[in-house]
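To start, the structure under review is shown below, and the notes come after it.
The values are calculated or read from the model by the stated rules, or taken from the named source; none is laboratory data. Remember, it's a predicted structure, so these values are computed and weren't measured experimentally. Cβ placement follows ideal geometry from the backbone for every residue including glycine, while neighbour counts extend to all protein chains displayed. These accessible areas exclude ligands, DNA and RNA; they are computed on the full protein's heavy atoms, side chains included. Shrake-Rupley method; radii C 1.70, N 1.55, O 1.52, S 1.80 Å.
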Amino acid sequence: MNRKAVAELAGSVALGAWAAFAVLALVVTGRHGAPSAPDRSLLAWSVGHRTPMTVAVARGLTATGTGVIPYALVVLAALLVGGTRRQRLTAALLGALCLGTGQAVRYGVMELVGRPRPPYQYWQTHASGWAFPSGHTTTSALTAGLVIVALCLRARRRRVPVVLCVLVASWAAGVGLSRVYLGVHWLTDVIGGWLFAVGWLGLWLCAAAWWLPTGLITGSAEPDPPPPTDPADAPLERHASQDPGRRGRSRPA
């Protein structure tokens, strides 16, 4: 792959995501945490469309967006990337470090913004801390991004498993939306979590493409075989006769 192109693309995506996140954070703080019209509308829709079964499914889905499961998925993806033990270990450490530092920075932003959650009477699951950006949303989106990157790196010249990538992305989207459905986050909290995850992952990909040594994770690609040469251009062997008419004759004594 072209490392410079990957770095430029990841950097551009990260810059756009951070810009959008900054605008959204300014809007949230400017309103002193008050929900917007889409926030109130989606919460009202969620409250009016709850059944015991859908709430149970949403609780199970939202539980996969935090704790051990995201780190286990990142480590499993790292095992798919590396070809050697060193490469797998490096990929696992980098993935876990990206996820862990992302969670820490998000927590700092959450404390800085200090946005209240929706009213407690609408909650259908346990939640703690401030609301913006959503922690479950950020963690699951970062995890999905790392898994998709691992799948793309593993594929290399083969076709990327698009269906699997779509399933992973849908899982992350479902975790984020389940937070709104369960009444513990506003829609803008979830959007903020998605933007934060894209910006953080893009920043790490840009840095990795610029500074990681080639072959540290996925190994160097095998060089393409040289193009065939014209037999007429091949050098003659020293012991071969240069006169075709003398083929099969014995040398004079």
Q | Check on A131, within 16 Å of V184 (Cα to Cα) and touching a Ser or Thr at 6+ places or on another chain (Cβ under 7 Å) | A | no
Q) Can we say L43 is at pLDDT below 95 and either in a helix (DSSP H, G or I) or surrounded by 13 or more Cβ atoms within 10 Å (Cβ to Cβ) (or both)? A) no
Q. Which condition breaks for M53 when tested against (1) open to solvent by less than 80 Å² (accessible area, probe 1.4 Å); (2) not in a loop (DSSP other than H, G, I, E, B)?
A. (1)
Q) Does at least one position in the stretch 44-52 carry a residue that is over 26 Å from the mean Cα position of the chain (by Cα) and among the aliphatic types (A, V, I, L, M)? A) yes
Q) So is G102 assigned to a helix (DSSP H, G or I), open to solvent by less than 70 Å² (accessible area, probe 1.4 Å) and either in contact with a helix residue (DSSP H, G or I) (Cβ under 6 Å, 6 or more places away or on another chain) or under 18 Å from A173 (Cα atoms) (or both) or not? A) yes
Q: Inspect the stretch 68-79 for any residue being modelled with pLDDT of 95 or more, open to solvent by less than 40 Å² (accessible area, probe 1.4 Å) and more than 18 Å from W123 (Cβ to Cβ) and give the result as yes or no.
A: yes
Q) Going by the conditions given, is P116 touching a residue at least 12 places away in the same chain (Cβ under 8 Å) and surrounded by fewer than 14 Cβ atoms within 10 Å (Cβ to Cβ)? A) yes
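Just to verify a result, which residue in the stretch 109-155, among those that are under 22 Å from V198 (Cα atoms) and of a type in the set (K, R), is modelled with the highest pLDDT?
If we take residues in the stretch 109-155 being under 22 Å from V198 (Cα atoms) and of a type in the set (K, R), then R115 is modelled with the highest pLDDT.
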Q: For the stretch 173-196, name all the residues that are part of a helix (DSSP H, G or I) and of a type in the set (V, I, T).
A: V175, V180, T188, V190, I191
Q | Top-ranked residue of the stretch 1-40 - restricted to ones that are of a type outside the set (A, V, I, L, M), in a helix (DSSP H, G or I) and open to solvent by less than 70 Å² (accessible area, probe 1.4 Å), ranked as farthest from L187 (Cα to Cα) | A | G11
Q | Sole exception among (1) under 15 Å from the mean Cα position of the chain (by Cα); (2) open to solvent by 30 Å² or more (accessible area, probe 1.4 Å); (3) not small (G, A, S) for Q121, by number | A | (1)
Q: Of all residues in the stretch 12-70, count the ones that are hydroxyl-bearing (S, T, Y) and within 27 Å of A209 (Cβ to Cβ).
A: 1
Q. Could we say that R106 is of a type in the set (K, R) and either closer than 13 Å to H185 by Cα or modelled with pLDDT under 95 (or both) here?
A. no
Q. Is it fair to say G60 is among the small types (G, A, S) and either touching a Lys or Arg at 6+ places or on another chain (Cβ under 6 Å) or at pLDDT 95 or above (or both)?
A. yes
Q: Evaluate the following for H239: is it open to solvent by 70 Å² or more (accessible area, probe 1.4 Å) and either modelled with pLDDT under 80 or assigned to a loop (DSSP other than H, G, I, E, B) (or both)?
A: yes
Q: Would you mention how many residues in the stretch 58-67 are farther than 25 Å from E111 by Cβ and surrounded by fewer than 14 Cβ atoms within 10 Å (Cβ to Cβ)?
A: 1
